[in-house]
1. B:Phe108 is checked against (1) assigned to a helix (DSSP H, G or I); (2) free of Cβ contacts under 8 Å to residues at least 24 places away in the same chain; (3) away from chain A (no Cβ under 13 Å) and fails just one. What number does that condition carry?
2. So if I check each of B:Ile259, B:Ile253, B:Ile244, B:Ile297, which one is of a type in the set (Val, Ile, Thr) and either closer than 24 Å to B:Phe443 by Cα or outside any helix (DSSP H, G or I) (or both)?
3. From the set of residues in the stretch B:246-276 that are of a type in the set (S, T, N, Q) and modelled with pLDDT of 95 or more, which is farthest from B:Val111 (Cα to Cα)?
4. Kindly evaluate A:Ile191 against the criterion of being at the interface with another protein chain (Cβ under 8 Å from one of its Cβ atoms) and surrounded by 18 or more Cβ atoms within 10 Å (Cβ to Cβ).
5. Looking at (1) surrounded by fewer than 24 Cβ atoms within 10 Å (Cβ to Cβ); (2) in contact with an Asp or Glu (Cβ under 9 Å, 6 or more places away or on another chain), find the lone condition where B:Leu310 falls short.
6. Out of B:Phe400, B:Phe386, I need the residue that is modelled with pLDDT under 95 and within 30 Å of B:Leu299 (Cβ to Cβ). Which one?
7. So in the stretch B:315-342, with the set limited to residues that are charged (D, E, K, R) and either farther than 19 Å from B:Met272 by Cβ or touching a strand residue (DSSP E or B) at 6+ places or on another chain (Cβ under 7 Å) (or both), which one is surrounded by the fewest Cβ atoms within 10 Å (Cβ to Cβ)?
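The values are calculated or read from the model by the stated rules, or taken from the named source; none is laboratory data. In this text, all values refer to a predicted model and were calculated from it rather than measured experimentally. So basically every Cβ, Gly included, is an ideal-geometry build from the backbone, and we count neighbours across all protein chains shown.
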Amino acid sequence: MKEAFVMVGFLEITLVIFMQWQVYLKKIVDTFSLSSYAISIFLFVDGAILNNINLLILSALTAVVRGFFIPFFIRKKFRKEYYLEREIKSVVPTAMSIVLSLFFVVVGYIVYHATLYNSIGLPGGSIPIALLFQGIFLIMSRNNAFVQLIGYMVMENSLFLFGGYLFPELPLVIEGGILLDLIGIVMISGIIMRLREENVSNIIDEFKEFKG
Amino acid sequence: MFLYYLPLIVTVSAAVICFAANDKISKILTLISASVSIPVSLYIWVLNSVSTQFLYIDAISKIMLVTISIIYLTTSIFSSSYFKHIPKPLLKKNLYWAFLNLFVLSMFFSVMVNNLGLIWIGIEATTITSALLVAIDNNFPSIEASWRYIIIVSVGLVISLVGIIFIYDQTHTLNIANMLKNHASESRIILIGSAMAIVGFGTKAGIFPMHTWLPDVHGRSIAPVSAIFSSVLLPSALFGIIRISQIAPFEDIKQFMFILGILTIVFASIFMINQKYYKRMFAYSSMENMGMILIGISLGKAGLLGAMILLISHAFAKSSVFYLTGNILSAYKTRKIAHVYSLVKNMPYTAYGLILSSLAVTGAPPFAIFIGEFFIISAVYHIYGFAYVIIILLALLTAFLSINYKVAKMSFSERKSTQKTKDEWVSALIPLINLTLSFCVLFAIPAINNILKGITG
């Protein structure tokens, strides 16, 4: 399964880089859905090989919650002309964001080999760390709340990939609880994001308070 | 055993019914639920510590339960009188009560469970249940603050989840009782895991450098929400750090916590100097107090005793401060310090309450915060020497002068105006009760010391 882990890991990294250069929100959500399905398939195969029922349940939960429900919910929260919804201006220019994304892959590799490699000994262990960095960067480099939420979920996806592979015996109640929390976060965020779009304020004075 | 579950049962029942009930019934149910929680928590305080498959209630849990219960009741009473000041609330009143109950439920859950993973889930659940409470004012800044809160805190908590997985790798269990029984040996992976967990939980507790959500949320949410956030939500997140420090009691981890605590109080006090908004100023004061508590936790023994005294006393005093800022905001319609004046003349109870509460939260004697800080600073002197004591004292002095000078200015400065304001009795009384409780913590110090004996040695 080591090769499969590395392959799925690289696929995840590629998909996040794809998200990084996308401006259309629907495509970003679809890409996130695809990346979740990839993790779900990996967990399913791993669970089948190890004959581990927890992993099989986790795989099903990942597919249903992360692959289907959350992208479906986010798409519903888009405006009617959602296919047109795009982020016109991001904090970091697209080309630079891709370069930085690749840079974080290298940083993840260096950090992993400097700190955890001797303890864990997993050859592709730097992949989840790189994904964590990329998730954080996606949040920081975009203004759009939907993309920021997806950045957060990319971070969580990296954990599911890492935790599911290295610690298949991790109690299911914990991972189930994390998924339930995620559903809660997404639903509450959906409300807040919608309000945020509807209430966009041009009164600069209202933002002065947020400084300092 | 049923008694231990009662705080959870009462709050979850109140929350569920509030979703279906009308405003009045929701309010009454919440008040009943909060009133029941206090005697139950006090009774749990005198009972033996308990460790079952699901529950782990030790001295720290008991302290947290009592503090949360009392703040739950005072916030519920204050909310019922404050709600009329919100012109177009985001939620219907019954939903406000429902989310308030769920929020308290998630804090009760976090401090009672016997599983590190479930503590994480509980603390993450506090974000879900409180995000809409932050945005209740229903204007763009409060919605923006709520969004920043969700995203920053959630990212921080993912970092702590990575840390918890690393800890699990070494301990092969997340059961707290088992982890405390079979101490994990010091290894690089458990050190990294513990540090990540501390940074993650520290994000929620307003610990530097992931504190940035805190002033936005405290500054923009309504007074009762700011009060409950500052007084019990931040300590509930610190509770996660306490558990980590018990599971991984290594010197490197203690030093890491100590440095984070020092950085937090130094940066918070610097931010307070030029602060133009009174709610944000008190938010930074909360950050400074959480930094001091973190230092106390890192030192253990007398430091931990000081941290617990500070935690309880700060909860009462800071909730009092935020209730009072709500009174000022509803009367003066501004958050700017420069635009608030003649408080003593216009709202005497609020003014004197604010002056005394500000003195309390900045560690003036004879309030218990002073005693808590004294214990912590003594422990710092014994372990790290005089240089760190000087840094801490300078930071505390800066915070003391910044806050009390600005509060005095708001209270005593005179200006010609047609401002017609007066105190409302519930809004003025509840903060004064909490202020009195903050002082009375002094008399509870022997009881706190006694209950902590098993932990502080």
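1. Tallying (1) assigned to a helix (DSSP H, G or I); (2) free of Cβ contacts under 8 Å to residues at least 24 places away in the same chain; (3) away from chain A (no Cβ under 13 Å), B:Phe108 fails exactly one: (2).
2. Numbers: B:Ile259 fails: either closer than 24 Å to B:Phe443 by Cα or outside any helix (DSSP H, G or I) (or both); B:Ile253 fails: either closer than 24 Å to B:Phe443 by Cα or outside any helix (DSSP H, G or I) (or both); B:Ile244 fails: either closer than 24 Å to B:Phe443 by Cα or outside any helix (DSSP H, G or I) (or both).
So the residue among B:Ile259, B:Ile253, B:Ile244, B:Ile297 that is of a type in the set (Val, Ile, Thr) and either closer than 24 Å to B:Phe443 by Cα or outside any helix (DSSP H, G or I) (or both) is B:Ile297.
3. The first filter runs over the stretch B:246-276 and keeps only residues of a type in the set (S, T, N, Q), leaving B:246, B:255, B:264, B:269, B:274-275.
Now drop any that are not modelled with pLDDT of 95 or more, which leaves B:255, B:264, B:269.
Details: B:Gln255: 24, B:Thr264: 24, B:Ser269: 29 Å.
It comes out as B:Ser269.
4. Numbers: at the interface with another protein chain (Cβ under 8 Å from one of its Cβ atoms): yes; surrounded by 18 or more Cβ atoms within 10 Å (Cβ to Cβ): no.
Against the criterion (at the interface with another protein chain (Cβ under 8 Å from one of its Cβ atoms) and surrounded by 18 or more Cβ atoms within 10 Å (Cβ to Cβ)), A:Ile191 does not qualify.
5. (1) is the only condition that B:Leu310 fails.
6. Values: B:Phe400 fails: modelled with pLDDT under 95.
None of the others qualify; the one that does is B:Phe386.
7. If we take residues in the stretch B:315-342 being charged (D, E, K, R) and either farther than 19 Å from B:Met272 by Cβ or touching a strand residue (DSSP E or B) at 6+ places or on another chain (Cβ under 7 Å) (or both), then B:Lys333 is surrounded by the fewest Cβ atoms within 10 Å (Cβ to Cβ).
Let's see how each residue does on (1) modelled with pLDDT under 95; (2) of a type in the set (A, V, I, L, M); (3) in contact with a Gly (Cβ under 9 Å, 6 or more places away or on another chain); (4) more than 20 Å from B:Val441 (Cβ to Cβ):
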| position | (1), (2), (3), (4) |
| --- | --- |
| B:Asn327 | yes, no, yes, yes |
| B:Lys345 | yes, no, no, yes |
| B:Pro348 | yes, no, no, yes |
| B:Ile355 | no, yes, no, no |
| B:Gly363 | yes, no, yes, no |
| B:Phe375 | no, no, yes, no |
